[in-house]
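Chemist: Have a look at the structure that comes next, please.
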Amino acid sequence: MIAIFDSGLGGLSVLARVREALPRQDVIYLGDQAHAPYGDRPIEEIHRFAVENFAFFERAGAALLVIGCNTSCAAALTYGWPTALPVLDLFEAAGEAVAESQARDVVVLATTATVRSGGYARAIARRAPAVRVREVACPEFVPLVEAGRWDAPESRAAVRRILEPLGRPDAIVYGCTHYPFLDSHVDALLPHTLRIDPALQQARNAALAVSRRALPDESGLVRLYTTGDLDAFRRGVELLVGPIGTIAHASLAGV
Ligand code: DGL
């Protein structure tokens, strides 16, 4: 069983890719919506949330933790991953995806905590040192997606405010898993710019890890949990990815 973690709904963009790559693995997804958004919180606090959230996955018997939250990767740069599970880090997947794209001038859209960490710039520089990387914080985006307003005019306006001053980069990187849900707005403004969603590479890495660890095929069941409001979570999941699994509230004291 694969665990996928995010602060809220954004990790569903990773879940969708993981399902395509690994349809026969069971998946347990946790959105820590009681604490979302993470992006403007201190990384020490994000680390403390990870301790509880990852213990939930360990109790559930997950074999592999696929991170669907870049902001948690920012905290892990300082504090490490607080779990015994093998972890697939999104910054690494993003670095691989950018290097493979051949883009020379990239803009990474991300949360404030991710931008502050400089994790993207470093992950990209390790694999493609000549690439120019601009990291841009977009604190308005996550609350819009969490509120189910990704399609609203205010979301279009928020994306325009961010993109307009940035010119015409070779590529836009979605450095937060909520942002692929705003992709139509980015596409409308920069139709000739490559859009890189690290979730694709993350799903490839997950498939590789499953095969390396020889994890057996399962039934492909998906269980989704939130620490926040169950009805709001159910609405968000159905709007973003449709009916893909069972939905329940996560008590972090047990599964
Ligand atoms: N979706 C997450 C990320 O990739 C977290 C966003 C947030 O909670 O601010 O960073």
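The values are calculated or read from the model by the stated rules, or taken from the named source; none is laboratory data. This one's a predicted model, so the numbers in the text were calculated from it and none came from an experiment. Virtual Cβ from ideal backbone geometry, glycine too; neighbours counted across all protein chains shown. Ligands, DNA and RNA are stripped out before the accessible areas are found, and what is left, the full protein with its side chains, is counted by its heavy atoms. Shrake-Rupley method; radii C 1.70, N 1.55, O 1.52, S 1.80 Å.
Chemist: How large is ³J(HN,Hα), in whole Hz, for each residue of the range 131-142 in order, when computed from phi with the Karplus curve 6.51 cos²θ - 1.76 cosθ + 1.60 and θ = phi - 60°, using x for Gly and Pro?
Modeler: 6, 7, 10, 10, 9, 10, 7, 10, x, 6, 5, 4
Chemist: What percentages, rounded to whole numbers, describe P(r) for the range 1-115 computed over all alpha carbon pairs with 10 Å bin width beginning at zero?
Modeler: For the range 1-115, the binned pair fractions read 14, 47, 32, 8, 0 percent.
Chemist: Between Glu140 and Leu77, what is the label-to-label distance in nm when each label sits 7 Å out along the Cα-to-Cβ direction?
Modeler: 2.5 nm
Chemist: Grab the beta carbon distance between Arg104 and Asp231, set R0 = 51 Å, and tell me the FRET efficiency rounded to 0.05. Before the final figure, lay out the partial values.
Modeler: On the way: r = 46 Å, r/R0 = 0.90.
My answer for the efficiency is 0.65.
Chemist: A follow-up question, please. Over the heavy atoms of Thr226, what accessible area does a 1.4 Å probe trace out, to the nearest 10 Å²?
Modeler: Counting only protein heavy atoms, Thr226 exposes about 0 Å² to solvent.
Chemist: May I pose another question? Over the chain, give the accessible area per residue in Å² for a 1.4 Å probe, as an integer.
Modeler: On the way: 10550 Å² over 255 residues.
Here the per-residue accessible area is 41 Å².
Chemist: Using R₀ = 41 Å, calculate the FRET efficiency as 1/(1 + (r/R₀)^6) where r is the Cβ-Cβ separation of Leu239 and Arg212; round to 0.05. Intermediate results must be reported in sequence, preceding the final value.
Modeler: Details: r = 35 Å, r/R0 = 0.86.
Given R0 = 41 Å and the Cβ-Cβ separation, E is 0.70.
Chemist: Here's a follow-up. His249 accessible area, nearest 10 Å², 1.4 Å probe?
Modeler: 100 Å²
Chemist: Put a dot 7 Å past each Cα toward the Cβ at Ala55 and Ser219; how far apart are the dots in nm?
Modeler: For Ser219 paired with Ala55, the spin-label model returns 2.9 nm.
Chemist: Let me ask something else about it. Just to be sure I understand: of the beta bridges DSSP finds with both ends in the chain, what percent are antiparallel, rounded to 5?
Modeler: Numbers: 1 of 34 bridges.
Of the beta bridges lying entirely in the chain, close to 5 percent run antiparallel.
Chemist: Mind grabbing the accessible area of Arg122 for me, 1.4 Å probe, Å², rounded to tens?
Modeler: 120 Å²
Chemist: For Glu135, enumerate residues with amide H under 5 Å from its amide H, sequence gap 5+ or separate chain, H modeled in the peptide plane.
Modeler: The answer is Val108.
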